[in-house]
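Q: Have a look at this one.
The values are calculated or read from the model by the stated rules, or taken from the named source; none is laboratory data. Since this is a predicted model, take the numbers as computed values, not measurements. We place every Cβ from the backbone using ideal geometry, glycine too, and count neighbours over all the protein chains shown. The area values use the complete protein model at the heavy-atom level, side chains included, leaving out ligands, DNA and RNA. Shrake-Rupley method; radii C 1.70, N 1.55, O 1.52, S 1.80 Å.
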Amino acid sequence: MSSHPLQKTMSRARSRRIVLPPVQEHIIKIEDVVDSGDYYGAQQMYKSVSARYVAAERYSEALDILQSGACTQLKHEQVTCGGELAVLFVETLVKGKVPYGDNTLDRVRKIYQNFPQIPLPQHFGEDDDVQQLSEALGAAKTRVEGCSSFLKAALKWSMEFGPHKSGSPEIHVMLATYVYSESPEVDMTRVTYHLVRGNNPKKFASMLVNFMGKCYPGEDDMAIARAVLMYLSLGNLRDANCLIDELKKQEECGELEFPDSELIEFIIYLLLTLQRDALPLFNMLRANYKPSIEREPSLNEFLDEIAEKFYGVRRRNPLQGIFGDFLKMMG
């Protein structure tokens, strides 16, 4: 004779409560395994034990195990293992429908802070040094990929369970900072994408100054222009102005030689223009500085978005534009 479904459910719940000891016992036991150098064995234990708590819908305890595991593995520079547990931590936040808040953000930050930060060797000459550099570059790539995967997952969680439709500003800043400091070759466009969705234009200005000190000639004014236009394309005039103000302060302190170019001139005039309802002046600026703007195709895209955000000018769909021009020619 089969049991009633409700009895089965209650029985399963009781068994789950019985077989799962206090989470701290697991944490201490697995940390001993890590300390012995058996990182792989510890990894399997972290994953299997946390999975049991998740199956029992005891998400708080599962998160404790996964946070401890990620931090412990990362402290031992086991980036692949630590990164995997960090991503599992975020997946458990989603499964448990944990809302975005300061406490959980602090937990994300603590894991992030344990990702190793190791300066790349600057000089090499002999074959051994070349091999050493190659290994260092490979390790740096692994670190960046691991931390990026974790923070991108955290951004998606913050979009779903928090108030920011673009994701947590603090997590954007964490991701940009790590990518900038640890990448062998910095993709400043990628870094800028996250910083303009962050909440720290002063930090952004410091990173720009650092980048401009080592970028190729002619990239410095483009880095500033791209940053300002990306802020403005999000409708954020305040932080765009704050960024320029911070860069000017750095110039006054002798930390920066502000680029003197037509593109920078355009940016300064644009910031003044957007403070008032002046669409004709906006269009005139675009026309007058067209050669400078066309140095990079994306700048016109940003300006189209800015025109829509600040002046309500509807963007022309690129395909509609192509076919419209084609039909005009045919006519």
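Q: Quick one: how many residues across segment 85-100 are open to solvent by 30 Å² or more (accessible area, probe 1.4 Å) and either aromatic (Phe, Trp, Tyr) or out of contact with any Ser or Thr (no Cβ under 9 Å at 6 or more places or on another chain) (or both)?
A: Number of matching residues: 6.
Q: Mind telling me which of the residues Ser68, Ser60, Ser48 ends up being in a helix (DSSP H, G or I), open to solvent by 10 Å² or more (accessible area, probe 1.4 Å), more than 22 Å from Trp157 (Cβ to Cβ) and not aliphatic (A, V, I, L, M)?
A: Working: Ser68 fails: more than 22 Å from Trp157 (Cβ to Cβ); Ser60 fails: more than 22 Å from Trp157 (Cβ to Cβ).
Of Ser68, Ser60, Ser48, the one residue that is in a helix (DSSP H, G or I), open to solvent by 10 Å² or more (accessible area, probe 1.4 Å), more than 22 Å from Trp157 (Cβ to Cβ) and not aliphatic (A, V, I, L, M) is Ser48.
Q: When segment 157-176 is examined, which residues are found to be touching a residue at least 24 places away in the same chain (Cβ under 8 Å), surrounded by fewer than 21 Cβ atoms within 10 Å (Cβ to Cβ) and not in a loop (DSSP other than H, G, I, E, B)?
A: Once the filter is applied, which keeps residues that are touching a residue at least 24 places away in the same chain (Cβ under 8 Å), surrounded by fewer than 21 Cβ atoms within 10 Å (Cβ to Cβ) and not in a loop (DSSP other than H, G, I, E, B), segment 157-176 yields Glu160, Phe161, Pro169, Glu170, Val173.
Q: For a quick check of your reading of the model, give me the residue pairs whose first member lies in segment 86-103 and is at pLDDT 95 or above, whose second is open to solvent by less than 50 Å² (accessible area, probe 1.4 Å) and not in a helix (DSSP H, G or I), with beta-carbon atoms closer than 6 Å and at least 6 apart or on different chains.
A: Tyr100/Gly162
Q: With the requirement that a residue be assigned to a loop (DSSP other than H, G, I, E, B) and either open to solvent by less than 50 Å² (accessible area, probe 1.4 Å) or at pLDDT 95 or above (or both), what does segment 276-289 give you?
A: Of all residues in segment 276-289, those assigned to a loop (DSSP other than H, G, I, E, B) come to 276-278, 289.
Matches in segment 276-289: Ala278, Tyr289.
Q: Turning to a different aspect of this structure: For segment 290-330, please list each of the helices (runs of 4 or more DSSP H) lying entirely inside it that holds at least 1 residues being at pLDDT 95 or above and hydrophobic (A, V, I, L, M, F, W, C). Full working, then the answer.
A: On the way: elements: 290-293, 297-311, 318-330.
Counting at least 1 such residues, we get 290-293, 297-311.
Q: Pairs, please: C-beta under 8 Å, at least 6 apart or cross-chain, first residue within 20 Å of Ile306 (Cβ to Cβ) and in segment 238-250, second open to solvent by 80 Å² or more (accessible area, probe 1.4 Å)?
A: Going by the 8 Å Cβ cut-off, the qualifying pairs are Cys242/Lys202.
Q: Here's another thing I want to ask about it. Tell me, which residue of segment 181-201 that is part of a helix (DSSP H, G or I) and in contact with a Lys or Arg (Cβ under 9 Å, 6 or more places away or on another chain) is farthest from Pro297 (Cα to Cα)? Don't jump to the end; show me each part of the working.
A: The first filter runs over segment 181-201 and keeps only residues part of a helix (DSSP H, G or I), leaving 181-182, 188-195, 201.
Still in the list and also in contact with a Lys or Arg (Cβ under 9 Å, 6 or more places away or on another chain): 182, 188-189, 192, 195, 201.
Details: Glu182: 28, Met188: 16, Thr189: 13, Thr192: 16, Leu195: 21, Pro201: 25 Å.
Once the filter is applied, the top-ranked residue is Glu182.
Q: Being among the acidic types (Asp, Glu) and surrounded by fewer than 18 Cβ atoms within 10 Å (Cβ to Cβ) is the filter; apply it to segment 177-195 and report the residue that is nearest to Met207 (Cα to Cα).
A: Quick first cut of segment 177-195, residues among the acidic types (Asp, Glu) only: 182, 185, 187.
Within this subset, residues satisfying the condition of being surrounded by fewer than 18 Cβ atoms within 10 Å (Cβ to Cβ) are 185, 187.
Details: Glu185: 15, Asp187: 13 Å.
So, considering only residues that are among the acidic types (Asp, Glu) and surrounded by fewer than 18 Cβ atoms within 10 Å (Cβ to Cβ), the one nearest to Met207 (Cα to Cα) is Asp187.
Q: Would you confirm, using the coordinates I've provided, whether Lys165 is basic (Lys, Arg) and either modelled with pLDDT of 95 or more or touching a helix residue (DSSP H, G or I) at 6+ places or on another chain (Cβ under 7 Å) (or both)?
A: Numbers: basic (Lys, Arg): yes; either modelled with pLDDT of 95 or more or touching a helix residue (DSSP H, G or I) at 6+ places or on another chain (Cβ under 7 Å) (or both): yes.
Against the criterion (basic (Lys, Arg) and either modelled with pLDDT of 95 or more or touching a helix residue (DSSP H, G or I) at 6+ places or on another chain (Cβ under 7 Å) (or both)), Lys165 qualifies.
Q: Next up: Can you tell which of Leu208, Leu263, Leu270 is more than 21 Å from Val313 (Cβ to Cβ), open to solvent by less than 40 Å² (accessible area, probe 1.4 Å) and modelled with pLDDT of 95 or more? Before the answer, list the steps.
A: Details: Leu208 fails: modelled with pLDDT of 95 or more; Leu270 fails: more than 21 Å from Val313 (Cβ to Cβ).
Going through Leu208, Leu263, Leu270 in turn, the sole match is Leu263.
Q: For segment 245-260, give me each residue that is of a type in the set (A, V, I, L, M, F, W, C) and open to solvent by 80 Å² or more (accessible area, probe 1.4 Å).
A: The first filter runs over segment 245-260 and keeps only residues of a type in the set (A, V, I, L, M, F, W, C), leaving 247, 253, 256, 258.
Once the filter is applied, which keeps residues that are of a type in the set (A, V, I, L, M, F, W, C) and open to solvent by 80 Å² or more (accessible area, probe 1.4 Å), segment 245-260 yields only Cys253.
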